[in-house]
Amino acid sequence: MTEIVLTLISAALINNFVLYWPLGVDPLLQAGTGSRQRVHALGIATSGLMLLCSLLGHGLYQWVLVPLGLTALHLFVFLPLAVLLIAPLLGLLAGLLPGLPFGGLWPLLLGNAGVLGALLLAAEANRGLAYSVALGLGAGLGFWLVSSLFDDLRQRTLNNDVPLPFRGLPIDLISAGLMAVAFLGFNGLLKT
C-alpha cells in the first residue's frame, strides 16, 4: 500500500509528466486560452483518461500481449486504445458534470503525450495493476495541478506590464521553466 501511495505522489509532484518529463506540454499551453472551467474540465478529462487507459492498458498488456509473445507491439495497442477511449469518456463526463465545458477537448486529449507516456512507463516497469493505476492517476492529477497553476500564472502575466518581445508564447515558456524549477524542489521528498 505504501508503494502505491508513493507512486501516486511521485507521479503527481516529483516526476510530473508535464514539467519533469516533457509530456503534455501542448495541452498545457493551449488550455489557458479559455476559461477557468475549461482548465478544470481538461484536468478532469485527462485524469479520467489516464486512469481508464492505465486499467485497460495493463489488462491488454498482461492478458493479451504477454501470453502471445507480442510485447514489442505494445505501442501499436496503447495508442489506438487511448484514441478510442476519448469520445466515450468525454460523453460520460459531459453527462455526469454538465456544468463543465467538455466540448472541444477532443484535440487536446488526442495530443496529450502524457497518456501514452503513462501507459508505456507502466508497461516497462511491469509492477502490477495497482502500480499502473497509481501511475496513471498520479500523472493525471499532476497534469491537472500544473494546468491550474499555469492558468493562474498566465492570468497574472496578462494583467501585468510584460515587455513586448516577451508577450504570448515566450512568457508562457519562461513561466513553464520557472514552474519546472519550482517542482524540482520536491526531489528528495520521498526516499525509497
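The values are calculated or read from the model by the stated rules, or taken from the named source; none is laboratory data. Nothing here was measured: the structure is a model prediction, and the numbers come from that model. Virtual Cβ from ideal backbone geometry, glycine too; neighbours counted across all protein chains shown.
For LEU79, the requirement of being without any contact (Cβ under 8 Å) to a residue 40 or more places away in the chain and closer than 20 Å to PRO22 by Cβ is met.
For first residues located in the stretch 163-176 and surrounded by 13 or more Cβ atoms within 10 Å (Cβ to Cβ), partners that are of a type in the set (Gly, Ala, Ser) and lie 6+ apart or on another chain with Cβ distances below 9 Å form the pairs ASP172/GLY32. Yes or no: ASN160 surrounded by 14 or more Cβ atoms within 10 Å (Cβ to Cβ) and polar (S, T, N, Q)? In short, no.
Within the stretch 179-192, residues that are at positive phi have Cβ atoms under 9 Å from residues that are basic (Lys, Arg) and at pLDDT below 75 in no pair, counting only partners at least 6 apart in sequence or on another chain. Among the residues of the stretch 1-46, just one is closer than 14 Å to ALA118 by Cα, surrounded by fewer than 20 Cβ atoms within 10 Å (Cβ to Cβ) and either within 10 Å of the chain's Cα centre (by Cα) or among the hydroxyl-bearing types (Ser, Thr, Tyr) (or both), namely TYR20.
Among what's in the stretch 22-76 and is among the aliphatic types (A, V, I, L, M) and outside any helix (DSSP H, G or I), pick the residue that is nearest to LEU137 (Cα to Cα). Talk me through it step by step, then tell me what you get.
To start, the set of residues in the stretch 22-76 that are among the aliphatic types (A, V, I, L, M) comprises 23, 25, 28-29, 31, 39, 41-42, 44-45, 49-52, 55-56, 60, 64-66, 68, 70, 72-73, 75.
Next, from what is left, pick out any that are outside any helix (DSSP H, G or I): 23, 70.
On the way: LEU23: 15, LEU70: 26 Å.
Here the residue is LEU23.
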